[in-house]
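What follows is a single structure, written as C-alpha cells, with notes after it.
The values are calculated or read from the model by the stated rules, or taken from the named source; none is laboratory data. All of these numbers come straight from a predicted model, not from anything done at the bench. Neighbour counts run over all protein chains shown; Cβ positions are idealised from the backbone, glycine included.
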Amino acid sequence: MISVELARSLRDAGLRWHPETGDRFVIDKPEVDDDVYTVSEMTVERHDHPTGTFLGFNGTTEWALDSVSAAESLWLPREDQLRELLGPSFAGLTRESGTDDRTVWTVTAVIAGEDRSFAAVDPAISYAQALAAYITAALE
C-alpha cells in the first residue's frame, strides 16, 4: 500500500478520486490519517449529493462522525488502480533482487516521449511514483 504522503503527492499533482466500492482512504486531517477505511456497502457508503460526495460510516462505533466529505478524504489507490491509471504510458514491471536481498520492483513508463523507470520495494509505490511523474508531465 502506498503511503499517505505519496497519496497526497498524487492528489496534489492532479489525480482526482471518484469513490467506488473497494477503494481505500484515510481522513485527511492531522492525527486521524492513521486509520485506513474501505468504501463498502456494509460499513462505508458513498453518497452523492448536489453539494458533493460524502462517505457515510454505517454502524461504526469507533468513529465519532456519521459522514465525511470525499474532499476531506485521501484516496490510497491500489496497485491495479495505479497501473490502470498509467494507461498506455505503462511499458513494463520488472522484479529484481536488491543488494540487501530485498525485492525491488521497477515500473517503466513512457513519459513525455521518454522511457523512465521508478523503483521501490513495493510495486504499488513504483506505480504511484510513475503516475505522479506522468500527471506532472501531462500538465506542464
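Given the condition over 19 Å from Trp75 (Cβ atoms), surrounded by fewer than 11 Cβ atoms within 10 Å (Cβ to Cβ) and touching a residue at least 24 places away in the same chain (Cβ under 8 Å), answer yes or no: does some residue in segment 114-130 qualify?
Taking every residue of segment 114-130 in turn, at least one turns out to be over 19 Å from Trp75 (Cβ atoms), surrounded by fewer than 11 Cβ atoms within 10 Å (Cβ to Cβ) and touching a residue at least 24 places away in the same chain (Cβ under 8 Å).
Would segment 42-53 turn up any residue that is among the small types (Gly, Ala, Ser), in contact with a helix residue (DSSP H, G or I) (Cβ under 8 Å, 6 or more places away or on another chain) and outside the structural domain of Ala130 (by TED's automatic domain parsing)?
yes
Please count how many residues of segment 60-80 are at pLDDT 95 or above, surrounded by fewer than 18 Cβ atoms within 10 Å (Cβ to Cβ) and in contact with a strand residue (DSSP E or B) (Cβ under 9 Å, 6 or more places away or on another chain).
1
Quick check, is Leu93 surrounded by 11 or more Cβ atoms within 10 Å (Cβ to Cβ), touching a residue at least 12 places away in the same chain (Cβ under 8 Å) and under 14 Å from the mean Cα position of the chain (by Cα)?
Spelling it out, it is not the case that Leu93 is surrounded by 11 or more Cβ atoms within 10 Å (Cβ to Cβ), touching a residue at least 12 places away in the same chain (Cβ under 8 Å) and under 14 Å from the mean Cα position of the chain (by Cα).
Among the numbered criteria (1) surrounded by fewer than 16 Cβ atoms within 10 Å (Cβ to Cβ); (2) at pLDDT below 85; (3) charged (D, E, K, R); (4) over 18 Å from the mean Cα position of the chain (by Cα), which single criterion is violated by Asp48?
Failed condition: (2).
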